[in-house]
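Q: Got a structure for you, questions after.
No value in this document is a laboratory result; all are computed from the given coordinates. Keep in mind that what you see is a predicted model, and the values were worked out from it rather than measured. Neighbour counts are summed over all protein chains in view; Cβ atoms, including those assigned to glycine, are modelled from backbone coordinates with ideal geometry.
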2 protein chains.
Amino acid sequence: MKAIDRCLELAKISESSYGTLRTFLSEAMRSCYELVGGWMREAGMSVSVDSAGNLRGVFAGTGTKTLLMGSHLDTVENAGAFDGILGVIIALELVEGLNGRRLPFNIEVIGFSEEEGVRFGVPFIGSRGFVGTLDDELLNRKDAAGISVADAIRAYGFSQDAKQNQPFAFFEFHIEQGPVLDSANEAVGIVDAIAGQSRVSVKFIGAANHAGTTPMSLRRDTLACAAEWILAVEERAKSSSGLVATVGRIQAVPGLSNVISGETTVSLDVRHASDQARENAVLELRNQAAAIAKKRNLSMNWTEQLDQPATSLDEQVIAILQAAALKEGITARKMTSGAGHDAMILAPTIPSAMLFVRSPGGISHDPAETVRAEDVAVALRIGRNVIDYLEGSLKI
Amino acid sequence: MKAIDRCLELAKISESSYGTLRTFLSEAMRSCYELVGGWMREAGMSVSVDSAGNLRGVFAGTGTKTLLMGSHLDTVENAGAFDGILGVIIALELVEGLNGRRLPFNIEVIGFSEEEGVRFGVPFIGSRGFVGTLDDELLNRKDAAGISVADAIRAYGFSQDAKQNQPFAFFEFHIEQGPVLDSANEAVGIVDAIAGQSRVSVKFIGAANHAGTTPMSLRRDTLACAAEWILAVEERAKSSSGLVATVGRIQAVPGLSNVISGETTVSLDVRHASDQARENAVLELRNQAAAIAKKRNLSMNWTEQLDQPATSLDEQVIAILQAAALKEGITARKMTSGAGHDAMILAPTIPSAMLFVRSPGGISHDPAETVRAEDVAVALRIGRNVIDYLEGSLKI
């Protein structure tokens, strides 16, 4: 299938000899722009790279308003071929499918330059540039080589300003990166919200004692305390619909097999489409951490590191996607995205929604990431239905 | 108090500028031998360093048999002043207390050269040399500088062979290194067994997935699995008298706050005076690990790293210590040592027992390690009673 072949071809363009890696404004990204930009031109689009490094192809219509479609072209380290890229290629092929036929609106296909946050440790540089929220703090941020975002942008060379006329809607097609559609055996889903996220670092402080000479009753074991709380985190999330809560990082000090852990630090990641539900969970988990620590005669430090609100996507754009799916006989489930996406950055100022394409096995950020050809075909048909609908009914 | 002052003086003899450190056959150890050896000579003892590096002072009696007393002179990194050293100094002061009076037996005071295992990663080199169980594997073992045990011994220079006439009994006085006596407000305890020890590495294998996009019901979270098992370990040990079980080391991979842990490895340390009780516990914990992993659709690898049997100390030597304590009005508790000691190495061939001296706060292997002067005085009086008893009643 052409779309999949193109994604696989792009996966070969890498700045690393170990798997696919394309970071913000890298030479690999320039090669990627040349290839995708070439396809855009062949489809009759005018192509530019804006001052935030985003690749932008405009297929001019008969009117002045613009429909925006696309996703990002950068990758994580040792990436798969489809995360982000598939959404750009689908948008491109939707334009190709017009065979040069002009619509009453422009279609702009965007390949955002930076979504994953690899080079500067901060994600969404491309989409933040697009909506004009790149602040000085971010522009002065430096990569591992000491080059700032601003310097990297200056050195790269661009043909137009990132900020332009507002599109009237943004559609982002993207692999799910999770197992929900695959386990339900569904090709696509419609994202109606991006989950808000809390990140917390939790430290339990007790006493490091000899594992052989300290009776169980006299221990102040922080690893056992953390274990009790990790189970409470899991239990809390399981009992609350739509909530995910994860402890993924743990450090026990001194971390020796024959010494009771005197200090254990764990991470907490909590996400939900409702900020209230998320905040309630975080507060309860904080109280539970304190109670478990107290019961065990330990102390506990709670450090909130992130409190990012949920983003609701646009009801009208969601409704258009629903109708477009129904036309294919698909009642697409509405779902919350647990991961952040460019649509999250655009949504506050541009009516936006996302179509998720099934991720077999839920696998992403890994060379084993795949998509099914029949699912991509469904997504393409839904995209065509969206364009038809907008052409026929939207008052432009 | 003289004994405590001497321990504190010895703590200044270090090969590290950061706290006390004296490893096997180091220059610091040589200085330590000179100081302690000098005190031995002043007390009328003949002094030598044997071929395993042990400092040996013999106070000759009128008979040929030998009573052995002492402990070790090496330390861990950033050590306290009393672990091991106190037992050597108490033995020395018991000889000093004779004021030159000859007994019907020799008293040999031994300062073992190596108990902590710092330099070669293997403990008890001194006592293993003493009883003649230094094998080729250990003699060929190399330190961080690539020097073997055998080479280190050759380079150091010694005045006598380690192996000699068997002593008729060995008494080791040692700080408890645990909180039992302190929490019971008791000065001393009598060790009747050294716990056997199992060490296991347990790996849970699941799937590393995105913390935001993977619903709770579709996770194969190895850190949550490990947490459940860590609580089972704690519960099992709490419900079994005399058992201690510890998970002190944990590694979750990839160890990122936003990724569900796909692989978690933990250590298990189980100790008990009864090998049967210990083996039963290890088997049950293995079954529980397998059951918890299975319930969670994970796999589990169980790797036994150590299975060291318990050591019973000598009933007659224990009885002598009990009588000696009773003479001071003390009904000394019998206790299991959860940590290994030189007496464990000597016990199979030499009737041995240990007297534990209270460790305030249970603290050891730390500069904050202390002893109470009144407890050391009790230990010295008990030691004198032991010598009196042996002088009066033992058929030599």
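Q: Going by alpha carbons, how many degrees (0 to 90, nearest 10) lie between the helix axis of B:373-393 and the longest principal axis of chain B?
A: So the helix axis and the longest Cα principal axis differ by about 60 degrees.
Q: Given a Förster distance of 41 angstrom, what is the FRET efficiency for residue A:27 paired with residue A:349, based on the Cβ-Cβ distance and rounded to 0.05? Please report the intermediate quantities before stating the final value.
A: Numbers: r = 32 Å, r/R0 = 0.78.
In this case the efficiency is close to 0.80.
Q: Here is a follow-up. Just need the relative contact order of region A:258-335 here, percent rounded to a whole number, with Cα pairs under 8 Å and 6+ apart.
A: 22 percent
Q: At 222 nm, what value in deg cm²/dmol follows for chain B if DSSP H runs of at least 4 each add -39500 (n - 2.57) and the sum is divided by all its residues, to the nearest 500? Intermediate values should be presented prior to the final figure.
A: Values: 12 runs with 138 residues, N = 396.
That comes out to -10500 deg cm²/dmol.
Q: Now, a different point. Note the direction-averaged projected area, equal to a quarter of the hull surface, for the Cα convex hull of region A:28-135, in nm². Provide the component values of the computation, followed by the final result.
A: On the way: hull surface 26.9 nm².
The number I arrive at for region A:28-135 is 6.7 nm².
Q: Right, another one. What fraction of the Cα pairs in region A:149-296, stated in percent, has a spacing above 28 angstrom? Intermediate results must be reported in sequence, preceding the final value.
A: Details: 5080 of 10878 pairs.
Every Cα pair in region A:149-296 considered, those over 28 Å come to 47 percent.
Q: Continuing with this model, one more query. Taking a spot 7 Å from the Cα of residue B:154 along the direction of its beta carbon, which residues of region B:104-128 have an amide N less than 17 Å from it?
A: From region B:104-128, the list is empty.
Q: Taking every pair of alpha-carbon atoms in region A:225-357, what share in percent sits in each 5 Å bin, from 0 to the bin with the longest distance?
A: Values per bin, smallest distances first: 2, 9, 16, 17, 14, 11, 9, 8, 6, 4, 3, 1, 0.
Q: Could you check the spin-label model distance between residue A:331 and residue B:290? Points 7 Å from the Cα along Cα→Cβ, value in nm.
A: 4.6 nm
Q: Starting from the Kirkwood radius over alpha-carbon pairs of region B:66-202, derive D by Stokes-Einstein at 25 °C in a medium of 0.890 mPa s and give it in µm² s⁻¹.
A: After rounding, the answer is 142 µm²/s.
Q: Please report, for residue B:157, the nm distances (one decimal) from its label point, 7 Å out from Cα along the beta-carbon direction, to the equivalent points in the remaining copies, shortest first.
A: Counterpart label points of residue B:157 in the remaining copies fall at 7.5 nm.
Q: Moving to a separate point now. Where nothing but the Cβ of Lys and Arg (+1) and of Asp and Glu (-1) is charged, how large is the charge dipole of the protein assembly as shown around its Cα centre, in debye to the nearest 20? Please list the in-between numbers first.
A: Working: 74 positive and 96 negative charges, 176 e Å.
Result for the protein assembly as shown is approximately 840 debye, rounded to the nearest 20.
Q: Please report the antiparallel percentage of DSSP beta bridges with both residues in the protein assembly as shown, rounded to the nearest 5.
A: In the protein assembly as shown, DSSP labels about 65 percent of beta bridges as antiparallel.
Q: Which distances in nm, rounded to one decimal and ordered from shortest, link the label point of residue A:201 to the equivalent label points in the other identical copies, with labels set 7 Å from Cα toward Cβ?
A: Here the equivalent label points are 2.8 nm apart from this one.
Q: Another question, if that's okay. Taking only the alpha-carbon atoms of region B:1-57, what semi-axes of the equivalent ellipsoid follow from 5 times the gyration tensor eigenvalues under a square root, in whole Å, largest first?
A: Details: eigenvalues 78, 54, 9 Å².
Calculated on Cα positions only, the semi-axes equal 20, 16, 7 Å.
Q: Amide H to amide H, which residues 5 or more places from residue B:178 or on other chains are under 5 Å from it, using H placed in the peptide plane?
A: Here B:359 satisfy the definition.
Q: In degrees from 0 to 90, rounded to the nearest 10, what is the angle of the helix B:222-238 Cα long axis to the longest principal axis of chain B?
A: Its long axis makes an angle of about 40 degrees.
Q: Report the gain in length on full extension from residue B:274 to residue B:217: 0.36 nm times residue separation, minus Cα-Cα distance, nm rounded to one decimal.
A: 16.3 nm
Q: Compute the longest continuous run of chain A that contains no exposed trypsin sites (Lys or Arg not before Pro); treat a site as exposed when its DSSP state is not H, G, I, E or B and it has at most 12 other Cβ atoms within 10 Å.
A: A:102-394
Q: List the distances, in nm to one decimal, from the label point of residue A:323 to the label points of the same position in every other copy, shortest first, placing each label point 7 Å from Cα along the Cα-to-Cβ direction.
A: So the distances to the same position in the other copies read 10.3 nm.
Q: If only Cα atoms are counted, what is the Rg of chain B, and what is its Dmax, in Å?
A: 23.5, 83
Q: Roughly what % of Cα-Cα distances in region A:211-272 sit above 17 Å, to the whole percent?
A: Taking all Cα-Cα pairs of region A:211-272, the fraction more than 17 Å apart is 47 percent.
Q: In chain B, what residue has the beta-carbon at the shortest distance from the axis of the rotation relating B to A, and what is that distance in angstrom, rounded to the whole number?
A: B:227, 2
Q: Relative to the first principal axis of the alpha-carbon coordinates of chain A, what is the inclination of helix A:2-11, with its axis defined by its Cα atoms, in degrees from 0 to 90 and to the nearest 10?
A: 50 degrees
Q: A further question follows. Based on a Kirkwood Rh over C-alpha pairs, give the Stokes-Einstein translational diffusion coefficient of the protein assembly as shown at 4 °C and viscosity 1.567 mPa s in µm²/s.
A: Taking Rh from Cα pairs, D becomes 42 µm²/s.
Q: Okay, moving on. Could you tell me which of rounded, prolate or oblate describes region B:334-396, using a ≥ b ≥ c as the square roots of the eigenvalues of the alpha-carbon gyration tensor, with rounded for a/c under 1.5 and, failing that, prolate when a/b is larger than b/c and oblate otherwise?
A: Oblate is the answer for region B:334-396, as a/c is 1.5 or above yet b/c matches or exceeds a/b.
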